[in-house]
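Q: Before I ask anything, here is the structure I am working with.
The values are calculated or read from the model by the stated rules, or taken from the named source; none is laboratory data. Remember, predicted model here, so these are calculated numbers, not experimental data. With ideal geometry, Cβ positions are generated from the backbone for all residues, glycine too; neighbour counts draw on all protein chains shown. Note: accessible area is taken over every heavy atom of the protein model, side chains too, but ligands, DNA and RNA are not part of it. Shrake-Rupley method; radii C 1.70, N 1.55, O 1.52, S 1.80 Å.
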Amino acid sequence: MTGFMRLFEKLPSFRTRTLCVLVKEGSALSYQALYRMWRPQTFRDLIGQPHVKQTLVNALQRGQVAHAYLFAGPRGTGKTSAAKILAKAVNCLNPLEGEPCNECEACTAVQNGTGMDVEEIDAASNRGVDEIRQLREKVQYAPTGLTRKVYIVDEVHMLTTEAFNALLKTLEEPPNHTLFVLATTEPHKIPGTIISRCQRFDFRRIAPELMVERLETVCSTEGWTRSEEALWKIAQAADGGLRDALGLLEQTSAFGGGDISSENAAHVMGGVESVLLVQLLQAMWQRDMAKVLNLLGDWYERGKDATRIVHDLLQILRDLVIIKMSPSDSLPGHLRLSSLQDAAQQLSVPWLMQGVKKLGETYTGLRYVDDPRLALEAALLALVPRDEDTEERLHSAHQASGVKSESGVTVPGKAADKASASTRSDANDSREPDEPAGATGPSGRQGREAALAPEPSATTLAKPAAKKNGRTSESRKQEVLRKLATEADNEVLERVQSEWQQILQRVKDERIQTHAWLMNGQPVLATKNAVVVVFSSRFHRDAVMKPDERTVIEQAFAQAAGISLQMLALLKEDWEKFQTPTEPEPSAALATESDLAEKAVRVFGKDLVEIIDGE
C-alpha cells in the first residue's frame, strides 16, 4: 500500500489526488459515496419537492395509496429516493403520520436492500419482452415477509414497445398486494396508455438556495471548512440535481483535503474563480489589455477551455446586471459577495449588456472556429471601451474642483484644463484615416475664436466627433449600396437565388465550416459582377468575409450559377436601413452658421449677441 501511495502522489492530476485522499482515509472497498450516505430516508428529508411529499403523505394517512405511480423529472431530484421511502411507508409496522419509522424489521429490510418483496429493476438493461413476462409471473405471488410487494422500475422509458404492451394489462389491474413505481427522466418516450394508468408526479429541479442549505449541513456534519461562494458555485453547476451537487462537494473535499474553497471548486469543475473573472472585466473596463491577455494565458496554462471561460464570463455578466438593476435587499446570497458588489459599482449597465450580447455570439460560434483561444481574445478586444466610452467614464467622475484622469487620480485646477485639452486631441485623432484633417480640428480664425471661449467638457467634445464619424461611415455604406442598386440585375439575382441550395452544397463539400456560416445568409441584391448577402449575426458576416472563406464561396458561385461574382456581406439591419427612406441632413451652410452663432455667444456673451434668422 505504501508503494501504491507513493506512485499516485507523484501524479499531478486532481483525480489522482482525490484517489490518494480516499485511500488514506480508509479502505476503498468500505467507502460509501456521499450521495448514498445522505440519501433521504423520510419524506421530511426530501427537499425541493413539496407537492410530491405532501400528496404521498396525505394518501398514506388516509389509506388511499394508488397501485401505480410515475415519477418523472431531471436526474438527481429524488425520484428513486421517494420510491424507496414510499416502499418503506406502505410496509412500515409503526408508521407515524404517513412517515416510515426506519426502525422496524420492514423498514430495515427495505433500507438495507435485503427484503425480497421490494425489487428495483433497471429498465435500461432489462428492456425486453421476456424480462417483463417474468415480472408478470412474479407479480401473482403473495409477498413473503412484507405487507405489499413493490416494484421500482428505473428508466422505464428504455423498455421496448413489445415490453410496454406486455406490462400494460398487469399495470392496469395488478393484485392488491402489488405496487408499481415507474421512474424516468424522459416521460415523453412513454406510451400514453401506460401514463394514463399511473398517478404522475413531475419532480422539479431543486433550487440552488435549498441545495446550499443541504451542502452546509453536510459540511458541518463532516467537519469540512467551506466558503459560501464555493457552495453557491457547486449548487449552480449541479443544475438542479442534488446528487450531482453532493458528488461535486465530495470531489472538492477530496481535492482540498476537507477545504471547500472557491479555488478548489473551480479546479474540480474546470471553471474559473469568480474573483479572477471580475478582475478580467475590471481590466477590460480600464483598458489594461496586457492584464487581460495575461489572465487568459494563465487559465490556458492550467487547462481551462475557451468555451468554459466564455460560459463563466456570461454568468458573471448576468450576475452583475442583476445587481445593478435590482434592490440590494432582494438579491440571492451569492450576489451579495463583496467582490461582485464592488465590480457592479464600477461598471456600467450598457457595457455589461454589450458584453452579454458579444460573448453570447462568441459562445455560439466557438464550435465552428479552428482556434477558440484567438476567437475569445478577439471578442474581448472588441469589448474594450472606445475613446468616447472612456470620456464618458471620465465625465461621470468629474468633481467640483477638477477631473479624474484615466489612472483614477484627481487633477484639480489648471491640470484639469490640460486633461480636457488632451482629451480633445484624442477625439480629433480618432477620425477615420481618409477623413480630411480640417473636418474636426480647429484651425485659423475658428481656432483663435475657440481658444478665447470657455473650455467645454470632455464629453461635449467627444460626442459630436463620434457622431460625425458614425455618420461618415454610415453614409459611405449607403452610398455603395445606392451605386449597386443602380446597377442591379434582377436576372442575376434570380439565378443566384434559384441555385442557392446548390451553392451551399458546393461550399459544404469544399469546407463544412464555411457552409455553417454561409447558410445563415440570404442573397438580396446582385449586379453583373457582385452579389450582396445579408446576415443577422455580425459574427457570421465577419467570418465569411475572411479571404479564405470568401474565395471558397465565390468559387461556388462560379460553379453552381455559372457566373463569376464578387461577394459582399452585409448586416441585415444595414440592409433594412437602406430600404427605409431617411430625411436629408441639414446643409453644410446651415450647420456652419449654427456653429458660428454658438461660438459668438461663447466669445462675447449671451447679452451682447443677437441672432437674427434670415430667409
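Q: What is the residue count in segment 197-210 for residues that are under 30 Å from Leu179 (Cβ atoms) and assigned to a helix (DSSP H, G or I)?
A: 1
Q: Sort through Gly223, Gly270 and tell me the only one that's of a type in the set (Gly, Ala, Ser) and over 30 Å from Glu377 (Cα atoms).
A: One residue alone meets the criteria, Gly223.
Q: Can you report the number of residues in segment 541-563 which are open to solvent by 10 Å² or more (accessible area, probe 1.4 Å), touching a helix residue (DSSP H, G or I) at 6+ places or on another chain (Cβ under 6 Å) and farther than 16 Å from Gln502 by Cβ?
A: Residues that pass the stated criteria total 1.
Q: Further question on the same structure: Just to be sure before I move on: is Ala488 at pLDDT below 85 and not in a helix (DSSP H, G or I) in the structure I sent?
A: Here the answer is yes, as Ala488 does meet what is asked.
Q: I would also like to ask the following. If only one of Ala466, Ala530, Ala462, Ala516 is in contact with a strand residue (DSSP E or B) (Cβ under 8 Å, 6 or more places away or on another chain) and either modelled with pLDDT under 75 or farther than 18 Å from Glu573 by Cβ (or both), which one is it?
A: Selected residue: Ala530, the only one of Ala466, Ala530, Ala462, Ala516 that is in contact with a strand residue (DSSP E or B) (Cβ under 8 Å, 6 or more places away or on another chain) and either modelled with pLDDT under 75 or farther than 18 Å from Glu573 by Cβ (or both).
Q: Right, Glu103: modelled with pLDDT under 90 and not aliphatic (A, V, I, L, M) or not?
A: Against the criterion (modelled with pLDDT under 90 and not aliphatic (A, V, I, L, M)), Glu103 does not qualify.
Q: Take the conditions part of a helix (DSSP H, G or I), crowded, with 17+ Cβ neighbours inside 10 Å and in contact with a helix residue (DSSP H, G or I) (Cβ under 6 Å, 6 or more places away or on another chain) and apply them to Leu296. Does it pass?
A: Criteria not met by Leu296.
Q: Quick one: which residue in Asn264, Asn294 is in contact with a Phe, Trp or Tyr (Cβ under 6 Å, 6 or more places away or on another chain) and not charged (D, E, K, R)?
A: Asn264
Q: Within segment 55-113, count every residue that is in contact (Cβ under 8 Å) with a residue 12 or more places away in the chain and assigned to a loop (DSSP other than H, G, I, E, B).
A: 17
Q: Taking segment 135-157, which residues are open to solvent by 70 Å² or more (accessible area, probe 1.4 Å) and not in a loop (DSSP other than H, G, I, E, B)?
A: Within segment 135-157, Arg136, Glu137, Lys138 qualify.
Q: Pairs please, first residue from segment 513-535 and over 20 Å from Val369 (Cβ atoms) and open to solvent by less than 10 Å² (accessible area, probe 1.4 Å), second anywhere and among the polar types (S, T, N, Q) and part of a helix (DSSP H, G or I), Cβ atoms under 7 Å, 6+ apart in sequence or on different chains.
A: Short answer, once both residue conditions are applied: Pro523/Gln497.
Q: Looking only at segment 259-281, which residues are at pLDDT 85 or above, open to solvent by 10 Å² or more (accessible area, probe 1.4 Å), part of a loop (DSSP other than H, G, I, E, B) and not polar (S, T, N, Q)?
A: Result: Glu273, single match.
Q: I would also like to ask the following. It is to be established whether one or more residues within segment 226-238 are farther than 28 Å from Ala82 by Cβ, in contact (Cβ under 8 Å) with a residue 40 or more places away in the chain, in a helix (DSSP H, G or I) and of a type in the set (Asp, Glu).
A: Yes, the conditions are met somewhere in segment 226-238.
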